[in-house]
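Okay, so here's the structure we're looking at.
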Amino acid sequence: MKKMMLFALCGLFALTAAGQRGRSAGAPLSLSYMLPRASFEVAVTLECTERVPGPFSAYAPERLGVRPSITSAGQSWRIVGIRVTPVAAPDEGAMFTLSASSDHAGLQLSLTPGGFLAGVGSGAAPSEEPRALEYVAPPAPAREIEYIRFGVESTLKEVLDSNFSTMEIDGVPQRVWDPIVRHALKDNEDYAREITAELFATRRKRLEGMASAGGLTGESIAGLKALEEAYLSLFLGKETSREVTRVFRYIPERADAPTPLFRFSAERGIARLDDVSATPYLAEVTGAIVAKPAAGETAAARPGITYRVPAMATLRVRAGETTLFEGPCIVPQLGRLEQIPLDAIANEGLTIEFHPHLGSIKRISKK
């Protein structure tokens, strides 16, 4: 017996003597296929808020008369969304082999490129478009507040060093202060003084433009407002937010069995599963319902096509008693297996289409 694993667009399940080399006309051929099982990609979108203190926060009480609320760098996380996408994968525990001979000549079996059962006697299998996988790196957060010093005022200041020289005044030699001028880089106090002056000058210009008829345009006022807030952030600090998406895979093995999906911390975001200081988030399927077989129905002893009767269930992602996501789902592996005899398909001229990603019957027609 020769076994052949077929993972192609369409497998022709028909044997004739002309197509056999070194084999007898009645020698059987074995063909294997697998039914799918469902897994779920759980995409968790998180928002990270960065707190950045102002570089001149120490001067805020003196220059602005307020104390900044952001005094140290830090971040906080929160979950803002969850998206669940069903993904089919071959189930190694549901692999079946068909053996055919000339008794079943002309019986056509269709498989998808992934090796899933697509149809019997239905011609070519439907095409499977590969799922696009895309990763977009989030923008790097701003770790500090930059003050654009160039183009506003010079970074240098004049410093007068004490120097005395002797000069003759009205014929009398006198010691006169004659300072030496040099340039030095400004310090934080100098910048705080300049920023305060720019802040209030910008605010004055904005308010005058709003009050005067035919004054500044709306865009100009908005620009001055943004500049004023940028100056304020140098004293008071600021918060910036960004979004990050993490994808997790959940494969239901049985119903009503919570499975750890990830751990989350408001201070660190997604944490390791063994980090007991973070809150565990669980995935589970509950309330699985499977259609019961007809009364008196028994498994066919004759060779046949095995398919699935999937289970309907509810998929839930939760943390303790708090549910973040809940929705209906189809879980093939929690259903039951059934079989259609091959001779019934051939003798009755049946065409059967299957849901490739579920392993269940989609349509049955008769010639």
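The values are calculated or read from the model by the stated rules, or taken from the named source; none is laboratory data. All values reported here derive from a predicted model rather than from experimental measurement. With ideal geometry, Cβ positions are generated from the backbone for all residues, glycine too; neighbour counts draw on all protein chains shown.
Computed values, structure above
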{"quantity": "Positions within the stretch 39-59 being among the hydrophobic types (A, V, I, L, M, F, W, C) and more than 13 Å from TYR191 (Cα to Cα), in sequence order", "calculated": "PHE40, VAL42, ALA43, VAL44, LEU46, CYS48, VAL52"}
{"quantity": "Within the stretch 309-323, tally of residues that are surrounded by fewer than 17 Cβ atoms within 10 Å (Cβ to Cβ) and not acidic (Asp, Glu)", "calculated": "6"}
{"quantity": "Criterion violated by LYS205 - all others in (1) surrounded by fewer than 13 Cβ atoms within 10 Å (Cβ to Cβ); (2) not assigned by TED's automatic domain parsing to the domain that holds GLN75 satisfied", "calculated": "(1)"}
{"quantity": "Per-region count, the stretch 230-252, residues part of a helix (DSSP H, G or I) and over 16 Å from GLY65 (Cα atoms)", "calculated": "1"}
{"quantity": "Qualifying residue in the stretch 46-60 (condition: at pLDDT 90 or above, hydrophobic (A, V, I, L, M, F, W, C), closer than 30 Å to PRO260 by Cα and not assigned by TED's automatic domain parsing to the domain that holds ARG193)", "calculated": "yes"}
{"quantity": "Which listed residue, of THR240, THR166, THR245, is surrounded by 12 or more Cβ atoms within 10 Å (Cβ to Cβ), in contact with a strand residue (DSSP E or B) (Cβ under 6 Å, 6 or more places away or on another chain) and more than 30 Å from PRO328 (Cβ to Cβ)", "calculated": "THR240"}
{"quantity": "Residue that is surrounded by the fewest Cβ atoms within 10 Å (Cβ to Cβ) [pool: residues in the stretch 331-360 that are in contact (Cβ under 8 Å) with a residue 60 or more places away in the chain and charged (D, E, K, R)]", "calculated": "ASP343"}
{"quantity": "Verdict on PRO328 being touching a strand residue (DSSP E or B) at 6+ places or on another chain (Cβ under 7 Å) and under 12 Å from LEU358 (Cα atoms)", "calculated": "no"}
{"quantity": "Flag for ILE251 being surrounded by 14 or more Cβ atoms within 10 Å (Cβ to Cβ) and under 30 Å from ARG272 (Cα atoms)", "calculated": "yes"}
{"quantity": "Which listed residue, of PRO28, PRO36, is modelled with pLDDT under 60 and in contact with a Lys or Arg (Cβ under 9 Å, 6 or more places away or on another chain)", "calculated": "PRO28"}
{"quantity": "Considering residues of the stretch 208-225 that are surrounded by 13 or more Cβ atoms within 10 Å (Cβ to Cβ) and small (Gly, Ala, Ser) only, the residue modelled with the lowest pLDDT", "calculated": "GLY215"}
{"quantity": "Residues of the stretch 44-81 that turn out to be surrounded by fewer than 14 Cβ atoms within 10 Å (Cβ to Cβ) and either without any contact (Cβ under 8 Å) to a residue 40 or more places away in the chain or not hydroxyl-bearing (Ser, Thr, Tyr) (or both), as a count", "calculated": "11"}
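Residue-by-condition table, conditions (1) out of contact with any strand residue (DSSP E or B) (no Cβ under 9 Å at 6 or more places or on another chain); (2) assigned by TED's automatic domain parsing to the domain that holds GLU41:
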{"position": "ALA213", "(1), (2)": "yes, no"}
{"position": "THR217", "(1), (2)": "yes, no"}
{"position": "ILE221", "(1), (2)": "yes, no"}
{"position": "LEU232", "(1), (2)": "no, no"}
{"position": "TYR250", "(1), (2)": "no, yes"}
